[in-house]
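Participant: If you scroll down you'll find the structure; I have some questions about it.
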Amino acid sequence: MGKVVNICLLDARKATEKSLSNITELENIGSLIYSDTTASLISSIKKINIGSMVKIDENESIDYMTENGKAVIDEALLEEVDNKLFVLVNGVCEIKEMPKELFKEKIHSMTVNGLVICPESLKSVVSIKSKINGLTIALKEGYRFIDDTVLLNETFIVKQVNAKLTIEKLVAIDKIDEDSFNESIEHIQILDELVITKGNLRILRKTIDNLEEVELTIVPDNSVFKEGTVEINSATIKFYDGESLVVDGKLVIKDVAPEELRKHITSIYSDKVFCDEELSQTVKELCNNSNVRIMNNNDIHNNGKLVIDKNYLLGLEGKVAIDNNGKLVIDESVTLETAKDKIKSITNKGLLKADTSVLSGIPIINHGKLSPINNTDKKQENNIIYENMLVLEL
């Protein structure tokens, strides 16, 4: 007896009582496809974290399209498909302009965990054909979608010709030439956030379709924009000269005295700042975001998979706060006493697995999933039949 784990697409339409006899659990399945015949066979199997369950006749010929990242569906692709297409996307699915009848004929169904971008003309048929766990963006006719942060500078502007743009995030802090901008860009639709100076806002105001709906951050004229992880230390601080720092990502400040930080940076716009303890008050005063999270440089920030055991914790200097956005497992070797001595708190936005006694003894801010470890879990982890496959047919 065992389980099937981490399968992107599991096709169980032709499964039999014999092929399922040793399977007791299905876990982390992107899409589970079944038929009328197999519905009763899989009903008694324990299911954990199933993205979607889709019923398709067992005799219907379908092709699979699976993508973790970005998938593009256009007219040329669908014309090459012989059978109907089942589409599973974990990420971004961009559907290009095409005849509505072609989409209806060639797409059996879609499951998208993330973002769907499609023309307004196809929005209704996409909604009917799809299970979407996320956001759908219907592009206005003639608009071009840019799924990245756009830095609105002279180089970007001169490349545009009567442009109509749909943009995820727009950063407009470089000084913009009004005549050049008006000649190049007609309309901008912003989906998420606009970071802009007052002078540029005056120029762009009439061009932005939905200014009242966007998250707006107005920054000083002397601002510098950085993405990703930005580190400031005693050497790199000298590259700033009385500027405001705008960071889309993680800002790390090390080995900088408070007076030195004030001398080179006038204000900080960031959601998350890591700094030394003695610098935290200065950082708070410089930050213009009231929701900013200030964490100690020794604190742990996990975006992937992290297993913490007793030796890991004993090797840390002092107590730490843990910021978990991935999968965090606290090993059974960690006792409640060790956890209390070494962990200040855990902010969980992903999956946190630990012994119940450890979970109950640590301050936890939970926006994700908590999963206690027990003996049954440990036994089943060693009895996996299929795992880590893109497509599996039972």
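The values are calculated or read from the model by the stated rules, or taken from the named source; none is laboratory data. Quick caveat: nothing in here was measured; it's all calculated off a predicted structure. Don't worry about glycine lacking a Cβ; one is built from the backbone with ideal geometry, like all the others, and counts go over all protein chains shown. We work out accessible area using only protein heavy atoms, side chains counted, and drop any ligands, DNA or RNA first. Shrake-Rupley method; radii C 1.70, N 1.55, O 1.52, S 1.80 Å.
Participant: Does ILE157 satisfy being without any contact (Cβ under 8 Å) to a residue 40 or more places away in the chain, closer than 28 Å to ILE218 by Cα, open to solvent by less than 60 Å² (accessible area, probe 1.4 Å) and in contact with a strand residue (DSSP E or B) (Cβ under 9 Å, 6 or more places away or on another chain)?
Facilitator: Criteria met by ILE157.
Participant: Keeping to the range 303-326, report how many residues are part of a strand (DSSP E or B) and surrounded by fewer than 18 Cβ atoms within 10 Å (Cβ to Cβ).
Facilitator: 3
So that you can scan it fast, the table gives a plain yes or no per residue for (1) within 24 Å of the chain's Cα centre (by Cα); (2) at pLDDT 85 or above; (3) of a type in the set (Gly, Ala, Ser); (4) within 20 Å of ILE117 (Cβ to Cβ):
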{"site": "THR38", "(1), (2), (3), (4)": "no, yes, no, no"}
{"site": "SER52", "(1), (2), (3), (4)": "yes, no, yes, yes"}
{"site": "GLU58", "(1), (2), (3), (4)": "no, no, no, no"}
{"site": "MET65", "(1), (2), (3), (4)": "yes, yes, no, yes"}
{"site": "GLY69", "(1), (2), (3), (4)": "yes, yes, yes, yes"}
{"site": "ILE73", "(1), (2), (3), (4)": "yes, yes, no, yes"}
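Participant: So ASN133 ticks every box in (1) assigned to a helix (DSSP H, G or I); (2) closer than 21 Å to LYS96 by Cα; (3) in contact (Cβ under 8 Å) with a residue 40 or more places away in the chain; (4) of a type in the set (S, T, N, Q) but one. Which box is left unticked?
Facilitator: Going through the list (1) assigned to a helix (DSSP H, G or I); (2) closer than 21 Å to LYS96 by Cα; (3) in contact (Cβ under 8 Å) with a residue 40 or more places away in the chain; (4) of a type in the set (S, T, N, Q), ASN133 breaks only (1).
Participant: Which residue, of VAL230, VAL283, VAL224, VAL256, is aliphatic (A, V, I, L, M), in a strand (DSSP E or B), in contact with a strand residue (DSSP E or B) (Cβ under 8 Å, 6 or more places away or on another chain) and buried (at least 18 other Cβ atoms within 10 Å of the Cβ)?
Facilitator: Unique residue meeting the criteria: VAL230.
Participant: Can you list the strands (runs of 3 or more DSSP E) found entirely within the range 2-116 that contain at least 3 residues being of a type in the set (S, T, N, Q)?
Facilitator: 23-34
Participant: Please enumerate the residues belonging to the range 201-221 that are farther than 24 Å from SER290 by Cα and either surrounded by 13 or more Cβ atoms within 10 Å (Cβ to Cβ) or in contact (Cβ under 8 Å) with a residue 60 or more places away in the chain (or both).
Facilitator: Those that are farther than 24 Å from SER290 by Cα and either surrounded by 13 or more Cβ atoms within 10 Å (Cβ to Cβ) or in contact (Cβ under 8 Å) with a residue 60 or more places away in the chain (or both): ILE203, LEU204, THR207, ILE208, ASP209.
Participant: Turning to a different aspect of this structure: Of the residues LEU191, LEU245, which single one is under 30 Å from ILE300 (Cβ atoms), touching a residue at least 24 places away in the same chain (Cβ under 8 Å) and surrounded by 15 or more Cβ atoms within 10 Å (Cβ to Cβ)?
Facilitator: Selected residue: LEU245, the only one of LEU191, LEU245 that is under 30 Å from ILE300 (Cβ atoms), touching a residue at least 24 places away in the same chain (Cβ under 8 Å) and surrounded by 15 or more Cβ atoms within 10 Å (Cβ to Cβ).
Participant: Search the range 306-323 for residues that are closer than 18 Å to ILE364 by Cα and in contact (Cβ under 8 Å) with a residue 24 or more places away in the chain and pair each with any residue that is in a strand (DSSP E or B) and open to solvent by 60 Å² or more (accessible area, probe 1.4 Å) when their beta-carbon atoms are under 8 Å apart and the residues are at least 6 apart or on different chains.
Facilitator: LYS319/LYS344; VAL320/LYS344; ALA321/LYS344; ASP323/ARG293
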